[in-house]
Amino acid sequence: MSSTVVSTGTRPGTLGTSASRPDGVAKVQGGFAFSSDMWADNMLWGATLRSPHPYARIVSIDVSGAYAIDGVATVITADDVPGKLTYGLIVQDQPVFAAIGDTVRYSGEPIAAVAADHPETCQRALAAIKVVYEVLTPVTDPEDCVSGIAEQIHPDGNIFRHQRIISGDTTIVGAIQVEGTYEIGMQDQAFLGLESALAVPDSGGNGLEMYVATQWLHEDRKQIADCLNIPEENIRLVLGGVGGAFGAREDISLQVHTALLAMKSGRPVRISYGREESFYGHVHRHPAKIWMKHHADSNGKIVKIESRMVFDGGAYCSTSPAVLVNGITHTQGPYKCDNAVVDGWAVRTNNPPCGAMRGFGVVQACFAHESQMEKLAAATGLSPVEIRLLNAMETGDRMITGQIMDSVAPVAQCIRETDAIPMPPPMSSSADLRTIPGGTGLTAQPSNIRRGVGWGVSIKNLMYSEGFDDYSTARCRISDGVVTIKFATSEVGQGFTMLAQQIARTVLGVDDVFLDTIDTQVGSAGSTSASRQTWMSGGAVQAACRAALEKLFDHIAAKNSMNRSELEIEGTDIVDRLTGLRVAVHAAIEGVDIDCTEEYHHPATEDMDENGQGNCHVAYAFVAHRAVVDVDPELGLVKVVQIATAQDVGRVLNPLSAMGQLEGGIAQGLGLAVMEEIIVKDGKVRNPSFTDYLLPTFLDVPTVEMVFIEEHEPKSPLGAKGIGEPPCISVTPAIANAIRQAVGRDLPRVPIRPYDICL
Amino acid sequence: MPVLIPRNVDELVEVFQANPQAKLLAGGTDYMVEVNLHGRKPETMISLRRVKELTEWSVRTNQSRITIGAGVPYADMEHGEIARLVPALAQAARTVGSPQIRAAGTLGGNLGTCSPAGDSLPVLAALGATIHVIGPDGNRDIEFADFMVGVKKNSLQPAEFVHSVSLPLVEGWQGYAKVGTRNAMVISTASACLVRDSDEGFVAIALGSVGPTIIRAHAAESWLMKSTSLRAGSQLAPSIAQEFGRRVAQESRPIDDHRSTADYRRHAIGVLAQRLLTRSFS
Ligand SMILES: Cc1cc2nc3c(=O)[nH]c(=O)nc-3n(C[C@H](O)[C@H](O)[C@H](O)COP(=O)(O)OP(=O)(O)OC[C@H]3O[C@@H](n4cnc5c(N)ncnc54)[C@H](O)[C@@H]3O)c2cc1C
């Protein structure tokens, strides 16, 4: 594997500069076509009928009423699925539609879909479908699944995965012990661009073309093809404009429904969810309950960790087994620890299905271990910074999975650099009341407010784990003076299209780089998740560009009698190091035809054994957060004043974009700390709208002071680490710890609600 | 669907009388949510946008009253002259939604919807607003206390509409405070408006989101007026403020829902009452 990095130039648009995004201007001006803006001639609208019950047997479905409505083209149910009746990323246990005789297992589960000439007609058609349910008592307590007393609600059972980690000497007992039970609520990804897909059937009826907002085109295609029972080659998937993802577009939502409606009606069909349906249509962050006990010696050095984690996966598997493994393998956090006993379950209930969300299991584990570190600091008399520095992990350490930390691991540096960031000034007694807790509600005076400071530090694995080869593919074509890059990497707003251009400009010494359509006409890129695309697809684009460059060098050396082995790119020239002869790249590529497709694979990982031992993760990234929070202890209202952070990024490829990832992640972690929660009662979502699912506003997000720790990661093709997930992970416990410090309460659960603080 | 667009109040009276089932549309920030999200299907709409009189406001200095048209948007109450004359209304207006919502949403719409969480309503209740209503039988004035009769229920008769709201200009202190789980753009979980007339030595406090209607805490008000002087220049003992808060909380009738708990709402309303009263003395 090549680990050299093409030198960082200051030439505009190259790596290391704040190159602008190819989609940026259109997005700001409102001209960008999101998947919900797509349109085809003769298009029908699709809509989905969903179960109002979290658990019920379907006695009968009568669709005749829907067909009687003018404008309804087709109605489909489980009977109309020609291929596989279920789908899923890891286990295919989620029905395309719940069938007669079978049960619905969550409130919102699809039962039928219609296609009609107008969205309004669709709504009437859905209302005309008669479903008779035998309502059953839902299983909603994950503990009942662990203990086995719950009714088995699926033939596969109620346990998605049970995995333990046994490491080192489990009999060791620490002089100092701290423990706690922590709870994390169900967070929503809350992307702004709602689910939408357009399916256009081939005229021959053998296949179709689909435009869909997704995180992984090839995986979607595989699952659609299986359900439709047609070869994958007969389906072309094109990326529809994606307005955010955060994990919620990893699973199939409306893809199969839209495709089936189009195939059956023979006409283009578009389905677009509204906000409420979106809450039912995608998986959420797992709610979890985590018990942890830390043993430390009398100096505060961690000697053993015990933990028990229960993740509520909801009705279907999705990525629950992988989320669980991420949770338990990150039990120790970014700290040295030889001995551990960890037991984890991911279980099936009649709650909404949960799966991938930014941080993927590590968010839950981190909230627990960082809450514990604060207790350990208190028990040892050390400061939050001292206890963390004392235990900070380093490269070469053995983790509780037996894996050796072989990534750059600047944990202590992250903590020190964060600590060095100046504190915000104290609150002024004449502060604008809108900027203190309570905001525009004007509930408090500065004298009502107490300030707290809290810490959180985290470790996050990068890429897919446990033996999965999540490779990426890219193609570089140089044709008659034009450089074109093609890949199937989902651009979900993270800026990969910009990065691909930066890489090509840097490697090839060109200024103009064209991007081909993002679709399945090139090999898989893997998913835009797990903080992996800069590393994986960045690696593939670099490899494809380098391969093309080699061919260009062959050509140019022969043509201009240059020394082939001495050629290099300098700025926008090809230079012969021996003779000093130079040719401008833009001139060199005139009349040239080069076409290279390359795959990038990360080093292989392995499954873990029954004791949770194995090299299951590819690489890791670290970050520290310090939160300064103002709290109104009497009303329980909170204002996060400042987040200071130093993040291990390997190398900054685009400063502006990196800053955006950190600020956005911090806002999302803040949301989980103090307001974002899908409230589920008796299996039903009580707040499926932005009226009551609260996201941070401008008055809620803090000032962010950031430092990038740039220690190039030798394993990474560009020297850079994935930076998408870490910002949202340890900021949540940092804020919780700050609130705890301000009010002197335990607060074992996030989101922390006003009444948790003051009642 | 027909949309009727009257150009003045007379035309409005006429078209509404001819179409008593029609739905009035002001800023649409409540009603369009009903249409788009909750499947409400109006048969006829009457747009109020072109009725200029409804968007006007005026002060009658001899009577010390301000009259604000039903079509005045929050954006116009947040700053400027209305804000100077009725600061509690400005504070309440500032808490409503986002700038876009405040540019469109109106006082008449807040009264039309009559939610216990409507932010202008505690201000109207505490100031003892009079609602000027026009209908087929002519004009009538309704005291706010008689206007809001239940959760999202008002006492408007068919084909009646709110023309304007009349508020006294009070010498003294007034303020609005609202608790929500976010620092802006949030539905209130508890809110209160306190008006202290330092000429008359009078206090009024009205509570939002802690009962089916806006609640005037009359018992706490009279206790306070008996227990301490509210006139200009007097002092407030902290124990009085605390006891006032406790008594106000007792008069609230909150519920548990997905936004909060009854216990928290009762607690929060007491804190708000105590703080508003204290603020009125500082
Ligand atoms: C994102 C968002 C945030 C919001 N935040 C808040 C908030 O923080 N606080 C708050 O109080 N409200 C909030 N609202 C609700 C809404 O903005 C207010 O209630 C606003 O006052 C409604 O006014 P409107 O002119 O838009 O009413 P419309 O939607 O036009 O009408 C509402 C109702 O009143 C009736 N109506 C309108 N005018 C009259 C009249 N002159 N006479 C009789 N009936 C009439 C209509 O027929 C309808 O039934 C929010 C709404 C949204 C969408």
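With the simple model of a label 7 Å out from the Cα in the direction of the Cβ, A:Leu192 to A:Phe690 spans 0.8 nm. Straight-line reach from A:Lys264: taking Cα to Cα under 18 Å and skipping same-chain neighbours fewer than 8 places apart, the lysines in range are A:Lys84. Highest mean packing first, where packing is the average number of other Cβ atoms within 10 Å per residue, the peptides A:650-661, B:233-244 line up as A:650-661, B:233-244.
With 26 Å as the limit, write out which pairs from A:Lys639/B:Lys152; B:Lys23/B:Lys152; A:Lys222/A:Lys460 have Cα-Cα distances beyond it, or answer none. Beyond 26 Å: A:Lys639/B:Lys152; A:Lys222/A:Lys460.
In this calculation the C-beta distance from B:Ser227 to B:Gln63 is compared with R0 = 45 Å, giving a FRET efficiency of 0.90. For the pair A:Leu759 and A:Lys222, a Förster radius of 35 Å applied to the C-beta separation gives a FRET efficiency near 0.10, rounded to the nearest 0.05. Around A:Asn563, with a cut-off of 10 angstrom between Cβ atoms, what is the net charge of the other residues, counting Lys and Arg +1 and Asp and Glu -1? Here the count lands on 0.
Shielding value for B:173-181 is 5, the average number of Cβ atoms from other chains within 10 Å of each residue's Cβ.
Here the residues A:Cys758, A:Cys728, A:Cys122, A:Cys414, ranked from fewest to most Cβ neighbours within 10 Å of their Cβ, fall in the order A:Cys758, A:Cys122, A:Cys414, A:Cys728. By its C-alpha gyration tensor, with a ≥ b ≥ c as the square roots of the eigenvalues, how is chain A shaped: rounded for a/c under 1.5, else prolate for a/b larger than b/c, else oblate? Verdict is oblate for chain A. Take the Cα of A:His118, go 7 Å toward its beta carbon, and the backbone nitrogen atoms of the stretch A:50-87 under 18 Å from that spot belong to A:66-74.
Roughly speaking, what is the centre-to-centre gap between the stretch A:694-751 and the stretch B:241-282 when only Cα atoms are used, to the nearest Å? Using only Cα atoms, the two centres lie 34 Å from each other.
For A:Lys684, the aspartates and glutamates whose Cα falls under 12 Å of its own Cα, not counting residues fewer than eight places away in the same chain, are A:Glu109.
Counting only residues at least eight positions apart within a chain, or on another chain, the aspartates and glutamates with an alpha carbon under 16 Å from that of A:Lys301 are A:Asp169, A:Glu179, A:Asp338, A:Glu370, A:Glu374, A:Glu386, A:Glu394, A:Asp397.
On the basis of the beta-carbon distance and an R0 of 41 Å, A:Ile159 and A:Ala33 show a calculated FRET efficiency of 0.40. Multiplying the residue separation of A:Ala431 and A:Asp609 by 0.36 nm and removing their Cα-Cα distance gives an extension gain of 58.4 nm.
Report note on the peptides A:226-235, A:747-756: ranked by the mean count of other C-beta atoms within 10 Å, highest first, their order is A:747-756, A:226-235. Helices that extend 27 Å or more along their long axis by alpha-carbon positions and average at least 0.5 on the Kyte-Doolittle scale are, among the DSSP H runs of chain A, A:655-674.
Mean per-residue shielding of peptide B:36-45 is 1, counting Cβ atoms of other chains within 10 Å of each Cβ. Label positions at A:Ser561 and B:Lys52, each projected 7 Å from the Cα along the C-beta direction, are separated by 8.8 nm.
Extending 7 Å from Cα along the Cβ direction at B:Ala103 and again at B:Ser282 yields two label points whose distance is 3.5 nm. By the helix-only formula, in which each DSSP H run with n ≥ 4 contributes -39500 (n - 2.57) and the sum is divided by residues, chain B has a 222 nm mean residue ellipticity of -10500 deg cm²/dmol.
Here, each number is a calculation from the coordinates, and none is a lab measurement. These figures come from a predicted structure and were not determined experimentally. Glycine also receives a Cβ, built like all others from the backbone with ideal geometry; neighbour counts cover every protein chain displayed.
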